[in-house]
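Peer 1: Have a look at this one.
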Amino acid sequence: MRAVHINNRWRTVKVKKTNELGPVDFAINQHLEKKSYENPTLSSKNPLCFGIGPLAGTVLPGANRLIFVARSPLVGNLIIATMGGAGVALNKAGIDYVSLEGKGREFTVVALKRKKKKLHKKFIRIKKEKLNDIFFRTYKGHAGIYGLQQYLFDELVDWYGNDYFRVIATGPASLISNYGALGSTVIENKSIKWGQDDYAARGGLGSVMSQAHHIPAIVFGGDFDENRFENGLDMEKANEFFMKEFGKKAPEVWSSTTKKYTYDDSIGTGGTFGINFYTLGEKTLSFNWSSTYLPKKQRKNMYDKLIRNWYWQKFQDETIKTRSWKSCGEKCPVVCKKINIIFKKDYEPYAANGPQLGIFNMEDAERIVRKVDELGFDAIEVGNMLAWIMEARAKGILSAKDIDTDIPVQFDAEEYMKSPLLYSHSNMLVANHLLNLITTGQGIGKYLRKNIRVAARELEKKHRGIKDLALYTPYGKNFGITPIMYGTPGVFAPLPMLILSKIYYNMDKFDPYEIGKASAKRTIEETAIDQFGFCRFHRKWSTKVSEQMIAHVTGVPINSEEMSKQIVRRLNDYSKKAGIKPVYWETQRVKDVVRNFIEDFSKMTENNELKKWVAKFGNSYETNMKKYWKEMLRGIEEGLL
């Protein structure tokens, strides 16, 4: 495997041979070698590592995911964030892994190109004033992360010629906050395909690249078109593996196991937005998770009127019926990108920056999600942050002066139903205003740049009660990350890597120990997927045949489960070295939401153990809530052994 080490302080690019089979192992080795756990998360000694799995460049769809690993400024641990399709360009550069190290005095864009078996490099210096000019004054009509991509495309398109390449960029959020994202848009036929965007957003790794290394973007591509190993994997050989495992050829299996993300004709929708909002029903979360306090009948009425017949139906009319579907940039039959004009629709960003903010009108949500993406924020993190501040304003904990706007926030569900179009729009205007405050650092915005836990602690000093409205999982002394929007206690599980794909967010387990065990199992399974560079949308087939196919191309037999367990153990060891461990829930809202989930589920089942937990919470709330958390942690720790 070929690893490229880029040091921005000395502007050097060194290519080294390495033996790691996947990008997660490579990253762990780099961080242990450099002892990044001894330094601040935004130190230049926190390398940002990324790479592709061993089956990238083969005929397999979903095998070209780009896997990023660094010490997260949100949770303090090593965190894994992934980006669909971008691994195609890294493979074209003839590179398996990259480690970004050092910090230049000036911001520098690094470009790598493989041409005729040689790796060429460019260091493009870009002053902070120029960056801000692109971000805020726009470049060719594009602002933020999109403007930087367009600018670098124009700068480098002639250098790459006819060779495939891709720009991985950050936005202004990565310069000013701890939850900046890495983003990239597909380039085809010398044109940027707006809307075919993908983000490695969770954990603030864009902030690491921009602040720790002064690299606002990295570009790579080239003409590499060979087998990376001695044995290739063409369609004929792939079909042999699939026939043996599934009794069907590969394309049939790909289609049948991924229909949720393409189109499920049994319910007439597809993609995470379409499927999740359809199936969640009255469990759809809104108004900073305060919807969990409402009676089921009221939530059902809200869902029918605000989601099913308005928010979701608009998506159906504009995106599903028009079949405006694309891929992430690789040859994949799933076409999971559901796009309306330039607006890519996924569940998480449109849940965090839609219903959670009291926004149910699609045009209002598009405006906020587009701005969040343009600024380069982690959409889940900033959505939870905005929802928290907006509820505090709605409850009067914050005044109009505190958030510097007289525009009202409406989070009262009953009142909202009387004029949803009006209230959706006014909530959107407040959310837009708060994004501006965070970006400029003015007023309350200066408190919201680090993480929600630190912000809650600081704002509580002046605004009593505001902390208890915040939702996050705490780590160590000062770290914390906000949850994804699913109605299960598992989203608050004290996992060492609390990010989307590692969480057990199915709504079929509410016993704390069982949630912990299931979360640990999911962590091990999903870590293997990341190690092998696969898209999780392909997990139903890749987990069953990737081991055999990797052994075929590399000539080395592997045990993916044992490999993944070893990786997770090493990640846990790193956490201990960094002094980071999960901490018991700190806010009333998190505890209440967990209780509300359990009470809800207890009414739909005859599970006596669950009913006992409900009774315990009624008798001694805090004592038994802590027991619930400890049981979840016990399940995780035993499951990760």
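Peer 1: Criterion first (open to solvent by 20 Å² or more (accessible area, probe 1.4 Å), farther than 14 Å from residue 272 by Cα and in contact (Cβ under 8 Å) with a residue 12 or more places away in the chain) does residue 349 satisfy it?
Peer 2: So residue 349 fails the test.
Peer 1: Pull up the stretch 100-141, narrow it to residues that are among the aromatic types (Phe, Trp, Tyr) and within 27 Å of the chain's Cα centre (by Cα), then point me to the one that is nearest to residue 42 (Cα to Cα).
Peer 2: The extreme case among them is 107.
Peer 1: Using the structure shown, decide if residue 109 is in contact with a Pro (Cβ under 8 Å, 6 or more places away or on another chain), crowded, with 16+ Cβ neighbours inside 10 Å and at pLDDT 95 or above.
Peer 2: yes
Peer 1: Name the residues in the stretch 374-389 that are buried (at least 24 other Cβ atoms within 10 Å of the Cβ), touching a Gly at 6+ places or on another chain (Cβ under 7 Å) and in a helix (DSSP H, G or I), would you?
Peer 2: Across the stretch 374-389, the qualifying residue is only 375.
Peer 1: How about the stretch 445-455: which of its residues are surrounded by fewer than 23 Cβ atoms within 10 Å (Cβ to Cβ), in contact (Cβ under 8 Å) with a residue 24 or more places away in the chain and assigned to a helix (DSSP H, G or I)?
Peer 2: Correct list: 454 only.
Peer 1: What pairs come up if the first residue lies in the stretch 601-622 and is closer than 21 Å to residue 296 by Cα and modelled with pLDDT of 90 or more, the second is open to solvent by less than 70 Å² (accessible area, probe 1.4 Å) and aromatic (Phe, Trp, Tyr), and their beta carbons are under 7 Å apart, counting only those six or more places apart or on different chains?
Peer 2: Cβ pairs passing all conditions: 613/628.
Peer 1: Still on this structure, please answer the following. Checking the conditions here, which among 94, 87, 102 is open to solvent by less than 50 Å² (accessible area, probe 1.4 Å), farther than 17 Å from residue 6 by Cβ and in contact (Cβ under 8 Å) with a residue 40 or more places away in the chain?
Peer 2: Among 94, 87, 102, only 87 is open to solvent by less than 50 Å² (accessible area, probe 1.4 Å), farther than 17 Å from residue 6 by Cβ and in contact (Cβ under 8 Å) with a residue 40 or more places away in the chain.
Okay, residues lined up against (1) under 22 Å from the mean Cα position of the chain (by Cα); (2) farther than 26 Å from residue 601 by Cα; (3) open to solvent by 20 Å² or more (accessible area, probe 1.4 Å):
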| site | (1), (2), (3) |
| --- | --- |
| 425 | no, yes, yes |
| 428 | no, yes, no |
| 458 | no, yes, yes |
| 478 | yes, yes, yes |
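Peer 1: Could we say that residue 598 is crowded, with 16+ Cβ neighbours inside 10 Å, outside any helix (DSSP H, G or I) and over 24 Å from the mean Cα position of the chain (by Cα) here?
Peer 2: For residue 598, the condition - crowded, with 16+ Cβ neighbours inside 10 Å, outside any helix (DSSP H, G or I) and over 24 Å from the mean Cα position of the chain (by Cα) - is not met.
Peer 1: Among the residues that make up the stretch 337-345, is at least one of them open to solvent by 40 Å² or more (accessible area, probe 1.4 Å), more than 21 Å from residue 265 (Cα to Cα), in a loop (DSSP other than H, G, I, E, B) and touching a helix residue (DSSP H, G or I) at 6+ places or on another chain (Cβ under 8 Å)?
Peer 2: So far as the stretch 337-345 goes, yes, one or more of its residues are open to solvent by 40 Å² or more (accessible area, probe 1.4 Å), more than 21 Å from residue 265 (Cα to Cα), in a loop (DSSP other than H, G, I, E, B) and touching a helix residue (DSSP H, G or I) at 6+ places or on another chain (Cβ under 8 Å).
Peer 1: State all residues of the stretch 112-134 that are open to solvent by 70 Å² or more (accessible area, probe 1.4 Å) and among the β-branched types (Val, Ile, Thr); if no residue qualifies, say none.
Peer 2: Passing the criteria: none in range.
Peer 1: Return the residues of the stretch 163-210 that are out of contact with any Ser or Thr (no Cβ under 6 Å at 6 or more places or on another chain), assigned to a loop (DSSP other than H, G, I, E, B) and either crowded, with 24+ Cβ neighbours inside 10 Å or modelled with pLDDT under 95 (or both); say none if nothing qualifies.
Peer 2: Within the stretch 163-210, 171, 177, 179, 181, 189, 190, 201, 202 meet the criteria.
Peer 1: Quick one: what pairs do we get from the stretch 562-579, first residue of a type in the set (Val, Ile, Thr), second outside any helix (DSSP H, G or I) and surrounded by 14 or more Cβ atoms within 10 Å (Cβ to Cβ), C-beta under 6 Å, 6+ apart or different chains?
Peer 2: Pairs found: 568/640.
Peer 1: Does residue 518 count as in contact (Cβ under 8 Å) with a residue 12 or more places away in the chain and part of a helix (DSSP H, G or I)?
Peer 2: yes
Peer 1: A further question on this structure: Residues being more than 13 Å from the chain's Cα centre (by Cα) and β-branched (Val, Ile, Thr): count how many of those fall in the stretch 50-83.
Peer 2: Looking only at that region, the number is 4.
Results for (1) at pLDDT below 95; (2) within 22 Å of residue 480 (Cα to Cα); (3) open to solvent by 40 Å² or more (accessible area, probe 1.4 Å), shown as yes or no for each residue.
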site: 13; (1), (2), (3): no, no, no
site: 25; (1), (2), (3): no, no, no
site: 36; (1), (2), (3): no, yes, no
site: 42; (1), (2), (3): no, yes, yes
site: 53; (1), (2), (3): no, no, no
site: 68; (1), (2), (3): no, yes, no
site: 71; (1), (2), (3): no, yes, no
site: 74; (1), (2), (3): no, yes, no
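Peer 1: Please work out which one of (1) among the small types (Gly, Ala, Ser); (2) surrounded by fewer than 24 Cβ atoms within 10 Å (Cβ to Cβ); (3) under 24 Å from residue 452 (Cα atoms) is the condition residue 81 fails and give its number.
Peer 2: (2)
Peer 1: Report the residue count in the stretch 40-73 for those that are among the hydrophobic types (A, V, I, L, M, F, W, C), more than 14 Å from residue 220 (Cα to Cα) and touching an Asp or Glu at 6+ places or on another chain (Cβ under 7 Å).
Peer 2: 2
Peer 1: So residue 318 ticks every box in (1) modelled with pLDDT under 95; (2) touching a strand residue (DSSP E or B) at 6+ places or on another chain (Cβ under 7 Å); (3) open to solvent by 40 Å² or more (accessible area, probe 1.4 Å) but one. Which box is left unticked?
Peer 2: The failed condition is (1).
Peer 1: Restricting attention to the stretch 531-577, report how many residues are assigned to a helix (DSSP H, G or I) and open to solvent by less than 20 Å² (accessible area, probe 1.4 Å).
Peer 2: Selection size over the stretch 531-577: 15.
To keep it simple, each residue is scored yes or no on (1) under 16 Å from residue 259 (Cα atoms); (2) assigned to a strand (DSSP E or B); (3) in contact with a helix residue (DSSP H, G or I) (Cβ under 7 Å, 6 or more places away or on another chain).
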site: 301; (1), (2), (3): no, no, no
site: 305; (1), (2), (3): no, no, no
site: 308; (1), (2), (3): no, no, no
site: 312; (1), (2), (3): no, no, yes
site: 329; (1), (2), (3): no, no, yes
site: 333; (1), (2), (3): yes, no, yes
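The values are calculated or read from the model by the stated rules, or taken from the named source; none is laboratory data. Owing to the predicted nature of the structure, the values given are computational and were not obtained by experimental measurement. So basically every Cβ, Gly included, is an ideal-geometry build from the backbone, and we count neighbours across all protein chains shown. Surface accessibility is based on the protein's heavy atoms, side chains included, excluding ligands, DNA and RNA. Shrake-Rupley method; radii C 1.70, N 1.55, O 1.52, S 1.80 Å.
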